[in-house]
Amino acid sequence: MQSGDDAYKYSVAWVDCMSKGSSMGRAILTRGDHAPKDDSTKRLEGPKPAKLFVPFNAPSGLLNTFTIKAFNELWFRAAPKKKVGQPQSLSAFFHPLDGVRDWNRLYGKRGFVQYQFAVPDNAGETVKKAIERLSSSGVPSFLAVLKRFGASNDGMLSFPMPGWTLALDLPVGPSALPQVLDDLDEMVLSAGGRIYFAKDSRLSHEKVRAMYPRLDEFLNVKNRVDPEDRLISDLSRRLHIGR
Amino acid sequence: MENAFGQPQNVIVLGGSSDIARAITKKLCTARAHTVVLAGRNQQLLDESAKEAQEYGATKTDTLLFQAEEVAKAGEVVSAAFDKVGENVDLVIIAVGLLGNQRELENDPLGSARMADVNYTWPVAALGEIRRRLVAQGSGRILVISSVASVRVYRDAYLYSGAKAGLDRLCQGIAESLKGTGVTLQLLRPGFVRSKMTTGQKEAPFTTGVNEVAENTMRGLASGDLVIWSPPILKYVAVAMRLMPNQIWQKLMKR
């Protein structure tokens, strides 16, 4: 993925977090570029509504270590060894999960948490260590997606940094899950990385400052334009961003 | 604000020096709780609990004295606790209870009334104010410590068991009434627990220590289930408790 940075605009790898031994970290790599205007002879196509759907909440525990391992095995085998030049709609490339409507119901009543972090280029080992930590704690991830990031934008709380980002969907259930994610936070922090607010639902507020060095700059602006703290959210309350 | 695992940052514990409450508070502070307000009847025990909370991670603690026999003041106590937190309250735990000495109290009108007040009426009154405050916030959780004894009343502890049964069912009604408000209520039903309250008593089957209760509570907060059983197997034991013929039930529970 790293060597192809200049060749492709977008690259994403579906990673199997459940495999161990020599198969550890096996993945399906997809890379893409916007199709040039004169290339396709087809008309502009909008995204098609998904034909598959989940009709009701699955029983809790449907997505567990055993079933996820089985699914990953099938998914990995279903992918072609090499395929180039395939046109895909934006949604098919960026949001493949939406191919199954109401996919979140597979997680049942207990639901799932998402976890995504970014680490700099020199800290690629962190991704490997994170997957190993999850695997050894028996905490399965139904979805693990690895992507390359370029520079952050001017936003004071911009998430990306040049390097890697790993996104995980984790069924709630294993009692080790909260502690394992706290441990991953420490790993990410020591690698100079950070957690993605848009996916976060359990980060400890004490870690935010170290992960987002421009936090004080942001707070200065916020406190100046919103002295009565009207602009708040559950996230800002939980992470103490504001006031 | 609580996180996705139901771990709160701000907690009020009514009955904060009870052994079960202390064990739960420690686990909460290890997780995400940084502000803890403890209310109870013994200042020294409350101070010890507060110090313990700080050792486990709380950065702000405060205490409040009250008597659960004073039903008329329940609202004031809750209000004062909320004010001491100073911002949105994420979790209120009701850990008020009195096992009492059944034989001594059963023929005593005042003693019997006291059992009902401490185990039932005070919590019900407090819940009125807790409910009002949390619904106004639009978020928050209530954890009421009920008991496996609430499942079916038995002769040798009917003052306690009966009051807990009443509180338990009433709270189920509160939980229903809270749907759509952003506030939830959960019931913790521990079995026999080795603690100050049960010193000297004969242990029952499925007895646990307070730490196990606390662990089951954390798991229950994450799952969001209305009833949290500790230990979990009691859920199935309860079915048997309800179905067995009365003679067998009373004989089984003879102490």
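The values are calculated or read from the model by the stated rules, or taken from the named source; none is laboratory data. All values derive from a computational prediction rather than experimental measurement. Here Cβ is always computed from backbone atoms with ideal geometry, including for glycine, and neighbour counts include all displayed protein chains.
Structure data summary
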quantity: Per-region count, segment A:141-170, residues away from chain B (no Cβ under 12 Å) and in contact with a strand residue (DSSP E or B) (Cβ under 7 Å, 6 or more places away or on another chain); calculated: 20
quantity: Candidate set from segment A:82-109 (those that are farther than 30 Å from residue B:222 by Cα and either part of a helix (DSSP H, G or I) or among the polar types (S, T, N, Q) (or both)); member that is nearest to the other protein chains (Cβ to nearest Cβ); calculated: A:94
quantity: Residue B:137 more than 16 Å from residue B:23 (Cα to Cα), among the polar types (S, T, N, Q) and either touching a residue at least 60 places away in the same chain (Cβ under 8 Å) or in contact with a strand residue (DSSP E or B) (Cβ under 7 Å, 6 or more places away or on another chain) (or both); calculated: no
quantity: Any hit, segment A:44-63, residues being in contact with a strand residue (DSSP E or B) (Cβ under 9 Å, 6 or more places away or on another chain), closer than 23 Å to residue A:17 by Cα, in contact (Cβ under 8 Å) with a residue 40 or more places away in the chain and more than 14 Å from every other protein chain (Cβ to nearest Cβ); calculated: yes
quantity: Residue, farthest from residue A:88 (Cα to Cα), within segment A:46-61, restricted to residues that are modelled with pLDDT under 80 and surrounded by fewer than 10 Cβ atoms within 10 Å (Cβ to Cβ); calculated: A:51
quantity: From the options B:149, B:175, B:126, residue that is in contact with a Ser or Thr (Cβ under 6 Å, 6 or more places away or on another chain) and closer than 24 Å to residue B:214 by Cα; calculated: B:149
quantity: Subset tally (residues that are aliphatic (A, V, I, L, M) and surrounded by fewer than 21 Cβ atoms within 10 Å (Cβ to Cβ)) for segment B:186-209; calculated: 2
quantity: Selection count where residues are crowded, with 17+ Cβ neighbours inside 10 Å and either aromatic (Phe, Trp, Tyr) or under 15 Å from the mean Cα position of the chain (by Cα) (or both), scope segment A:8-26; calculated: 7
quantity: Unique match (being without any contact (Cβ under 8 Å) to a residue 40 or more places away in the chain and in a helix (DSSP H, G or I)) among B:163, B:175, B:157, B:149; calculated: B:149
quantity: Long-range neighbours under 6 Å by Cβ, at least six apart or interchain, first residue assigned by TED's automatic domain parsing to the domain that holds residue A:15 within segment A:144-160, second of a type in the set (Lys, Arg); calculated: A:156/A:214
quantity: In segment A:1-40, the residues that are among the aliphatic types (A, V, I, L, M) and farther than 20 Å from residue A:91 by Cα; calculated: A:1, A:7, A:18, A:24, A:27
quantity: Conditions (1) among the aliphatic types (A, V, I, L, M); (2) in a helix (DSSP H, G or I); (3) in contact (Cβ under 8 Å) with a residue 40 or more places away in the chain: number failed by residue A:168; calculated: (2)
quantity: Which listed residue is of a type in the set (D, E, K, R), free of Cβ contacts under 8 Å to residues at least 60 places away in the same chain and within 30 Å of residue A:57 (Cα to Cα), from A:133, A:202; calculated: A:133
